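Visitor: Quick one: the structure is below, and I'll ask about it shortly.
The values are calculated or read from the model by the stated rules, or taken from the named source; none is laboratory data. Being a predicted model, the structure only gives us computed values, none of them experimental. Here the Cβ is made from the backbone with ideal geometry for all residues, glycine too, and neighbour counts use every protein chain on show.
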Amino acid sequence: MQPGPPQVSDTVLLFAGIGGILVLASTVAALLRWRLAHGQPHTVIDNLVSRINAWWVMVIAIGLAFIFGKTGVLVLFYLISFYALREFLSLAYTRRADHNAMAAAFFIALPAQYFLIWIEWYGLYSIFIPVYAFLILPILAALGGDTKRFLERTSKVQWGLMICVYCISHVPALLTLNIPGYEGRHLLLIAFLVLVVQGSDVLQYIWGKLMGKRKVAPELSPSKTWEGLIGGVLSATALGAALFWITPFNPWQAALIAFTICLLGFFGGLVMSAIKRDRGVKDWGHMIEGHGGMLDRLDSVIFAAPIFFHVTRYWWTP
Amino acid sequence: MRNAERDVIPRMLTQFAAASIVGFARALTGVRAIWVSGGPQAAPTVYFANHRSHGDFVLLWTSLPPDLRPLTRPVAAADYWLSSALRRFIGCGVFRSVLIERRGLIERSGSIERSGARPDRDPIAQMAAVLEAGDSLILFPEGTRNESDEVVLPFKSGLFHLSRRCPHVRFVPVWINNVHRVLPKGAIVPLPIACSVTFGAALAGSADAEPEEKQSFLDRARSALIALRPDYERED
């Protein structure tokens, strides 16, 4: 009669629910392809299918990581940070003299950040990159002796490290929070963040496709509309409230937090899009042919994760 | 001499080395091949590319379909690739480089006599012989690695003479992106920077009945190469 530990039963319930929704989505997409596109290539339906497939990949990757617990999650996000940093620095302008700074970013700062989270040393992992790496990277670049576009070059390496390593590492860092009454359920906090923020991306896309007219930022991202933004963020806020049972929050707190991280996610997408436009590329990378890279998928989570972490830490930990 | 030497080096070893080099290059750079017009063709082809790193020919070679790799031979400087046993193994054994003597450097390399590469050989004749045998070439027409801020150095005339000698061979420009950032000169630690290799359309034959001037051909080839540069590299 006794159900399993709360985390296990809730996690199973959550993944069963997501799995059900994805099966439904894949079925609907297959039906649409059959009835509307008659099996022929169709831009909107193909895009829909690739988005659903990306969700399958994401849910399976996170599910596998959850099975291995803290280690699994840290390894998964270490790899995500690595690929994100590679995409970021591959598009950035650097010179020969930046080689050591970039090597330090890849081979020292990245592993060190995840190691500090592994040993749960909050006092150091929260300042390691913004303080120590921030100062040491330009020192390494300066020792290279090349002054051409120096500030721009060093800023790009620092920015890459902040976005791809520091910000992303705040997703697994959620596991280190000591929330009274929430012991052993931290993985669900990650699920909440990812589901709400990525769900908001999908809902914005759907609302935008259904009734999008007025563009929010035509220069940055022509596909983002006010209708999509408002509809998507409000429905994702409702999704967040509905998921309160997997969090330490009550329904209205869950809604407020979901609203905050959805907005941050939206603006994260805008910022990353501005960088892509400036570099003249459509996507950050080519992880899955035609569907962009790691940073294209994660821009919203990157901006939401550190704020979500600190909001939760400030109000829910002693 | 050369054939005998190749028999001595066990084929399995060179194949294993080739597979390891391809695997390592792939894992490190995630190299992506982009074919701008049509796909690869199994016809004698001169792939001419920009040259900023020792890794260039490895990346270009890795980007080719596996069945074309053994038929595609890099043109390389004899003095560099004969200067140590390891380089000889990689240059001659694995990649079957067509070794060219650079004028003025012959004396410095003591190993030339042993290799069978002869200083008196005409490099154009050497390359033409390879193409006539049905193989393809990887050529860096800048003649040396470009370590300047220039996009591409002026081309040496070899490419032109080769095109006169072998008019029916395809000349395909290839832009190699980012490899020089993976392991720049003097660096020890390679960076996992993403690279791409863009294959352009083969140069069209000269439209005029008159034979094309040397400089006009070289300019045309160089512009075709530079045109393949990704947009984001242009403003750098």
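Visitor: Select from segment A:31-64 the residues that are without any contact (Cβ under 8 Å) to a residue 24 or more places away in the chain and charged (D, E, K, R) and write down the one among them that is surrounded by the most Cβ atoms within 10 Å (Cβ to Cβ).
Guide: A:Arg33
Visitor: With the condition kept exactly as written, say whether any residue in segment A:292-308 is over 30 Å from B:Ile193 (Cα atoms) and assigned by TED's automatic domain parsing to the domain that holds A:Leu193. Before the answer, list the steps.
Guide: First pass over segment A:292-308, keeping only residues over 30 Å from B:Ile193 (Cα atoms): A:308.
Okay, now just the ones that are also assigned by TED's automatic domain parsing to the domain that holds A:Leu193, so A:308.
Scanning segment A:292-308, I find at least one residue that is over 30 Å from B:Ile193 (Cα atoms) and assigned by TED's automatic domain parsing to the domain that holds A:Leu193, so the answer is yes.
Visitor: So which residues in segment A:279-318 are part of a loop (DSSP other than H, G, I, E, B) and under 17 Å from A:Pro172 (Cα atoms)? Spell out how you get there, then give the answer.
Guide: Let us first name the residues in segment A:279-318 that are part of a loop (DSSP other than H, G, I, E, B), namely A:280-293, A:317-318.
Matches in segment A:279-318: A:Thr317 only.
Visitor: While we're on this one: Cβ-Cβ below 6 Å, separation at least six or inter-chain, first residue in segment A:257-276 and crowded, with 20+ Cβ neighbours inside 10 Å, second of a type in the set (Asp, Glu): which pairs?
Guide: Once the first residue is crowded, with 20+ Cβ neighbours inside 10 Å and sits in segment A:257-276, its partners that are of a type in the set (Asp, Glu) give A:Gly268/A:Asp299; A:Gly269/A:Asp299; A:Met272/A:Asp299.
Visitor: Let me ask you something else. Select, from A:Leu229, A:Leu140, the only residue that is assigned by TED's automatic domain parsing to the domain that holds A:Gly285 and either under 19 Å from the mean Cα position of the chain (by Cα) or not small (Gly, Ala, Ser) (or both).
Guide: On the way: A:Leu140 fails: assigned by TED's automatic domain parsing to the domain that holds A:Gly285.
After applying the criteria, what remains is A:Leu229.
Visitor: Would you confirm, using the coordinates I've provided, whether A:Leu89 is surrounded by fewer than 21 Cβ atoms within 10 Å (Cβ to Cβ) and closer than 17 Å to A:Gly285 by Cβ?
Guide: On the way: surrounded by fewer than 21 Cβ atoms within 10 Å (Cβ to Cβ): no; closer than 17 Å to A:Gly285 by Cβ: yes.
When the stated conditions are applied, A:Leu89 does not pass them.
Visitor: Taking A:Ala133 and the conditions (1) free of Cβ contacts under 8 Å to residues at least 40 places away in the same chain; (2) within 14 Å of another protein chain (Cβ to nearest Cβ), which numbered condition does it fall short on, given that it satisfies the others?
Guide: It fails just one condition, (2).
Visitor: Okay, next question. Do you know which of the residues in segment A:277-318 that are basic (Lys, Arg) and within 14 Å of another protein chain (Cβ to nearest Cβ) is surrounded by the most Cβ atoms within 10 Å (Cβ to Cβ)?
Guide: Kept after step one, since they are basic (Lys, Arg), are these residues of segment A:277-318: A:277, A:279, A:282, A:297, A:313.
With within 14 Å of another protein chain (Cβ to nearest Cβ) added as a condition, the list becomes A:277, A:279, A:282.
Numbers: A:Arg277: 13, A:Arg279: 17, A:Lys282: 9.
Filtering segment A:277-318 for residues that are basic (Lys, Arg) and within 14 Å of another protein chain (Cβ to nearest Cβ), the one surrounded by the most Cβ atoms within 10 Å (Cβ to Cβ) comes out as A:Arg279.
Visitor: Going by the structure shown, is B:Ser216 surrounded by 16 or more Cβ atoms within 10 Å (Cβ to Cβ) and either under 18 Å from B:Phe57 (Cβ atoms) or more than 9 Å from every other protein chain (Cβ to nearest Cβ) (or both)? Write out each step before concluding.
Guide: Values: surrounded by 16 or more Cβ atoms within 10 Å (Cβ to Cβ): no; either under 18 Å from B:Phe57 (Cβ atoms) or more than 9 Å from every other protein chain (Cβ to nearest Cβ) (or both): yes.
No: the conditions fail for B:Ser216.
Visitor: While we're here: Quick check: anything in segment B:11-28 modelled with pLDDT under 90 and in a loop (DSSP other than H, G, I, E, B)?
Guide: Within segment B:11-28, none of the residues are modelled with pLDDT under 90 and in a loop (DSSP other than H, G, I, E, B).
Visitor: From A:Lys215, A:Lys224, which residue is away from chain B (no Cβ under 14 Å), more than 30 Å from A:Asp10 (Cβ to Cβ), charged (D, E, K, R) and surrounded by 21 or more Cβ atoms within 10 Å (Cβ to Cβ)? Please lay out each step first, then the result.
Guide: Values: A:Lys215 fails: surrounded by 21 or more Cβ atoms within 10 Å (Cβ to Cβ).
Going through A:Lys215, A:Lys224 in turn, just one is away from chain B (no Cβ under 14 Å), more than 30 Å from A:Asp10 (Cβ to Cβ), charged (D, E, K, R) and surrounded by 21 or more Cβ atoms within 10 Å (Cβ to Cβ): A:Lys224.
Visitor: Being crowded, with 22+ Cβ neighbours inside 10 Å and either among the aromatic types (Phe, Trp, Tyr) or touching a residue at least 40 places away in the same chain (Cβ under 8 Å) (or both) is the requirement here; does A:Leu140 meet it? Walk me through it before giving the result.
Guide: Working: crowded, with 22+ Cβ neighbours inside 10 Å: no; either among the aromatic types (Phe, Trp, Tyr) or touching a residue at least 40 places away in the same chain (Cβ under 8 Å) (or both): yes.
No; evaluated as a whole, the condition is false for this residue.
Visitor: Sticking with this one: Within 14 Å of chain A (Cβ to nearest Cβ), surrounded by fewer than 17 Cβ atoms within 10 Å (Cβ to Cβ) and among the basic types (Lys, Arg), is that true of B:Arg145? Spell out the reasoning first.
Guide: Working: within 14 Å of chain A (Cβ to nearest Cβ): yes; surrounded by fewer than 17 Cβ atoms within 10 Å (Cβ to Cβ): yes; among the basic types (Lys, Arg): yes.
Yes; evaluated as a whole, the condition is true for this residue.
Visitor: Check B:Trp35 against each of (1) at pLDDT 90 or above; (2) within 16 Å of the chain's Cα centre (by Cα) and name the one condition it does not meet.
Guide: (2)
Visitor: On to the next question. Please verify whether A:Gly212 is in contact with a helix residue (DSSP H, G or I) (Cβ under 8 Å, 6 or more places away or on another chain) and within 22 Å of A:Val157 (Cα to Cα), treating the condition exactly as stated. Give the steps one after another, and end with the answer.
Guide: Details: in contact with a helix residue (DSSP H, G or I) (Cβ under 8 Å, 6 or more places away or on another chain): yes; within 22 Å of A:Val157 (Cα to Cα): no.
So A:Gly212 does not fit the description; no.
Visitor: OK, next. Mind checking which residues of segment A:238-253 are in a helix (DSSP H, G or I) and in contact (Cβ under 8 Å) with a residue 40 or more places away in the chain? Reasoning before the result, please.
Guide: Pass one, segment A:238-253, residues in a helix (DSSP H, G or I): A:238-242, A:244-246, A:251-253.
Listed by number, the residues that qualify are A:Leu239, A:Gly240, A:Trp245, A:Ile246.
Visitor: Okay, moving on. A:Phe192 - would you say it is within 22 Å of A:Cys262 (Cα to Cα) and modelled with pLDDT of 90 or more?
Guide: On the way: within 22 Å of A:Cys262 (Cα to Cα): yes; modelled with pLDDT of 90 or more: yes.
Criteria met by A:Phe192.
Visitor: Moving on. Here is a list of conditions, (1) of a type outside the set (Lys, Arg); (2) more than 13 Å from chain A (Cβ to nearest Cβ); (3) without any contact (Cβ under 8 Å) to a residue 12 or more places away in the chain; (4) in contact with a His (Cβ under 8 Å, 6 or more places away or on another chain), and B:Phe140 meets all of them except one; can you say which number that is?
Guide: Evaluating B:Phe140 over (1) of a type outside the set (Lys, Arg); (2) more than 13 Å from chain A (Cβ to nearest Cβ); (3) without any contact (Cβ under 8 Å) to a residue 12 or more places away in the chain; (4) in contact with a His (Cβ under 8 Å, 6 or more places away or on another chain) leaves (3) as the failure.
Visitor: Here is a further query. I'd like the residue in segment A:175-221 that is under 20 Å from the mean Cα position of the chain (by Cα) and polar (S, T, N, Q) and, out of all such residues, is nearest to A:Leu239 (Cα to Cα).
Guide: A:Ser200
Visitor: Among the listed residues B:Pro190, B:Pro167, identify the single one that is within 10 Å of another protein chain (Cβ to nearest Cβ) and more than 17 Å from the chain's Cα centre (by Cα).
Guide: Step by step, each of B:Pro190, B:Pro167 is checked, and only B:Pro190 is within 10 Å of another protein chain (Cβ to nearest Cβ) and more than 17 Å from the chain's Cα centre (by Cα).
Visitor: Only one of A:Glu152, A:Glu183 is out of contact with any His (no Cβ under 8 Å at 6 or more places or on another chain), among the acidic types (Asp, Glu) and closer than 26 Å to A:Gly280 by Cβ. Can you tell me which?
Guide: On the way: A:Glu183 fails: closer than 26 Å to A:Gly280 by Cβ.
Criteria check complete, one pass: A:Glu152.
Visitor: Looking at this structure, is B:Gly205 in a loop (DSSP other than H, G, I, E, B) and within 14 Å of chain A (Cβ to nearest Cβ)?
Guide: On the way: in a loop (DSSP other than H, G, I, E, B): yes; within 14 Å of chain A (Cβ to nearest Cβ): no.
It is false that B:Gly205 is in a loop (DSSP other than H, G, I, E, B) and within 14 Å of chain A (Cβ to nearest Cβ).
Visitor: For B:Ser97, indicate whether it is closer than 26 Å to A:Arg96 by Cβ, surrounded by 20 or more Cβ atoms within 10 Å (Cβ to Cβ) and not hydrophobic (A, V, I, L, M, F, W, C).
Guide: Working: closer than 26 Å to A:Arg96 by Cβ: no; surrounded by 20 or more Cβ atoms within 10 Å (Cβ to Cβ): yes; not hydrophobic (A, V, I, L, M, F, W, C): yes.
For B:Ser97, the condition - closer than 26 Å to A:Arg96 by Cβ, surrounded by 20 or more Cβ atoms within 10 Å (Cβ to Cβ) and not hydrophobic (A, V, I, L, M, F, W, C) - is not met.
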